[in-house]
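Taken together, the values in this text are just the output of simple stated rules run on the coordinates, not laboratory data. None of these values were measured; they are calculated from a predicted model. Note that we place each Cβ from the backbone using ideal geometry, even for glycine, and neighbour counts take in every protein chain shown.
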Amino acid sequence: MATSHPEYNEKTSATDVASAFASQIHNKIVVITGVGPNSLGEALALAIGGQKPSKLILASRTEAKLLEVAEKVQKLSPNVSVEAVVLNLASQKSVHTAASKIQSLVDRVDTLINNAGMMVLDRQTTEEGIEVQFGTNHIGHFLFTNLLMPQLKNAAKVSGPGLTRIINVTSAGHRLSPIRFHDYNFEGKKVPIEERPPEGLPPMFSPSAEGYNGWLAYGQSKAANILFTVYLSQHLANSGIVSYSVHPGSIWTGLSRDLDDAGYETISKTSNVWKNADQGAATMLVAAYDPALAAVSDPSAIYLSDCQFAKTAPHAVNADSAERLFRLSEELVGIKFAL
Ligand SMILES: NC(=O)c1ccc[n+]([C@@H]2O[C@H](COP(=O)([O-])OP(=O)(O)OC[C@H]3O[C@@H](n4cnc5c(N)ncnc54)[C@H](OP(=O)(O)O)[C@@H]3O)[C@@H](O)[C@H]2O)c1
């Protein structure tokens with residue numbers, strides 16, 4: 001499986017990708033999560049907003065930041081209809097409210113970009129008591145996506161197969177941890193070998209005496225983003241909806257806002273190539289709009305990095321884990337979803 005622009009790479013910008021796929025964006029109803037100034041969500045909104053979507057729905061936690069970006073998009077693209085919806089993924093009540101609000105605004109969603117994310121090193125929990133990175137980065141998006149499924153299916157009926165897409169933004173950090181089904185809250189419970197981090201990680205990736213390690217918890221949440229994509233792409237094929245998972249690259253954004261000096265240093269060493277936000281959002285737009293990606297031909301070809309297909313850690317594309325994660329996620333939100 002290949003993209004239609006093999007020349008795109010880590011330097012390609014979202015603005016250029018959006019312009020190349022302008023006809024795919026035109027008239028689409030787009031929902032983007034995780035939008036604030038200087039974030040990848042902002043870069044996505046600006047790039048997509050410039051290509052005449054029918055409606056751009058920006059959903060994120062902080063209303064003032066959302067409105068700032070909405071205003072910026074509107075200024076650059078005065079004819080685009082932009083809506084700001086408050087969504088706190090760390091509160092299932094808020095996810096339900098946000099999904100209902102979106103359902104009152106539109107009857108179809110063509111593109112859902114689950115981009116919001118957080119990284120913290122100390123233990124925190126969601127309103128429901130779930131470890132906060134797993135709860136926000138995966139469980140919140142799991143619930144949000146499933147609640148919007150009727151609107152996504154409506155879009156697929158109108159547009160035809162492969163043009164309705166769910167993009168889950170992950171990270172190369174997914175390699176740090178498989179899903180710890182026996183200890184997803186990192187509480188020091190014993191886990192079987194296949195749920196442990198890869199061998200040979202430096203000591204900073206070791207869980208504390210209480211069982212927590214923020215890097216591993218981030219890694220688990222990002223592995224969950226890919227496994228959710230695996231499940232969606234397998235179970236939605238007949239509905240005409242496709243799903244891809246994207247590593248945006250390394251970009252200095254608000255993601256590192258809660259890190260201490262040692263955390264900053266660790267992140268600085270993770271890459272030799274640092275992108276600006278416009279370049280960071282480019283791969284998401286290839287995944288969302290490249291017509292060559294209208295069908296998932298190989299179940300493991302669902303992950304892109306630097307605008308091209310890339311390989312994940314094996315634990316992130318294991319079909320049994322994808323099924324198991326879907327069931328665990330249903331349990332944690334208290335709803336069963338038939339796709
Ligand atoms: N930057 C990188 O180098 C990098 C690398 C790999 C993967 N990623 C992924 O890229 C995505 C975007 O991150 P970014 O770099 O743009 O970081 P960012 O600047 O921190 O943006 C993250 C966005 O998510 C929102 N958010 C955080 N918690 C939320 C919650 N509970 N409910 C709703 N929205 C929430 C934030 O809102 P507030 O600002 O209002 O809190 C913000 O708008 C994330 O999924 C991240 O894991 C980034």
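Hey, what do the phi angles of the stretch 202-209 turn into as Karplus ³J(HN,Hα) couplings, whole Hz, using 6.51/-1.76/1.60 and θ = phi - 60°, x for Gly and Pro?
Karplus-based 3J(HN,Hα) across the stretch 202-209 equals x, x, 4, 9, 8, x, 5, 4 Hz.
So, in Å, what gap is there between the alpha-carbon centers of the stretch 1-66 and the stretch 83-157?
The distance from the Cα centre of the stretch 1-66 to that of the stretch 83-157 comes to 18 Å.
Just want the ordering: K189, K275, K153, from fewest to most Cβ atoms lying within 10 Å of their own Cβ.
Exposure proxy ranking, most exposed first: K189, K153, K275.
Direction-averaged shadow area of the convex hull around the Cα atoms of the stretch 67-225, nm²?
About 11.5 nm², averaged over all directions.
Which residues' amide hydrogens lie under 5 Å from the amide hydrogen of T164, considering only partners 5 or more residues apart or on another chain, with H built in the peptide plane?
Under 5 Å from the amide H of T164: V242.
Determine, from the Cβ-Cβ distance of A209 and R324 and an R0 of 25 Å, the FRET efficiency 1/(1 + (r/R0)^6), rounded to the nearest 0.05.
0.35
What order, most packed first, do the peptides 169-176, 37-44, 191-198 have when packing is the mean number of other Cβ atoms within 10 Å of each residue?
The peptides rank, most packed first, as 37-44, 169-176, 191-198.
Subtract the Cα-Cα distance of H182 and N276 from 0.36 nm times their separation in residues, and report this length gain in nm to one decimal.
Extra length from H182 to N276 when fully extended: 30.0 nm.
Divide by every residue of the chain the summed helix terms, -39500 (n - 2.57) for each DSSP H run of at least 4, and state the resulting mean residue ellipticity at 222 nm, rounded to the nearest 500 deg cm²/dmol.
Calculated mean residue ellipticity at 222 nm is -11000 deg cm²/dmol.
Radius of gyration and Dmax for the chain's Cα atoms, expressed in Å?
Radius of gyration, then largest Cα-Cα span, for the chain: 18.4, 56 Å.
Taking amide hydrogens as modeled 1.01 Å from N in the peptide plane, which residues meet the under 5 Å criterion relative to V85, leaving out close sequence neighbours?
When sequence neighbours closer than 5 places are left aside, the close amide H contacts are L58, A59, S60.
Give me, ordered by chain and number, the residues 5 or more places off S250 or on other chains with an amide H under 5 Å from its own placed amide H.
K275
Taking the dipole about the Cα centre of the stretch 163-228, with the C-beta of Lys and Arg at +1 and of Asp and Glu at -1, give me whichever of F205, Y184, T164 is farthest to the positive side.
My answer, from the dipole projection, is T164.
For the chain, what are the DSSP H helices with axial Cα length of 24 Å or more and mean Kyte-Doolittle hydropathy of at least -1.0?
For the chain, where a helix must reach 24 Å along its axis and average at least -1.0, the hits are 214-235.
Cut-off is 10 Å between beta-carbons; in what order do H182, H315 appear when sorted fewest neighbours first?
Going from least to most buried by this count: H182, H315.
Just flag the trypsin sites (Lys or Arg not before Pro) in the stretch 1-102 sitting in loop per DSSP whose Cβ has no more than 16 other Cβ atoms within 10 Å.
Loop-located and lightly packed - K11.
Which ³J(HN,Hα) values in Hz, rounded to whole numbers, follow from the phi angles of the stretch 25-34 under the Karplus curve 6.51 cos²θ - 1.76 cosθ + 1.60, where θ = phi - 60° and Gly and Pro get x?
7, 3, 6, 7, 9, 10, 10, 10, 9, x
May I ask you to derive the relative contact order of the stretch 14-333, considering only C-alpha pairs under 8 Å and at least 6 residues apart, and to give it as an integer percent?
19
Viscosity 0.692 mPa s, temperature 37 °C: what is the translational diffusion coefficient of the stretch 1-119 from Stokes-Einstein with a Kirkwood Rh over Cα pairs, rounded to a whole number of µm²/s?
The calculation lands on 223 µm²/s.
All other residues with a Cβ under 15 Å from the Cβ of T136 taken together, and with Lys, Arg as +1 and Asp, Glu as -1, what is their net charge?
Taking every Cβ under 15 Å from that of T136, the sum is 0.
Quote the charge dipole size of the chain about the Cα centre in Debye, to the nearest 20; the model charges only the Cβ of Lys and Arg (+1) and of Asp and Glu (-1).
Charge dipole, the chain, about its Cα centre: 740 debye, nearest 20.
At a 10 Å Cβ-Cβ cut-off, how would you order R165, R257, R324, fewest neighbours first?
Taking fewest neighbouring Cβ atoms as first place, the list is R257, R324, R165.
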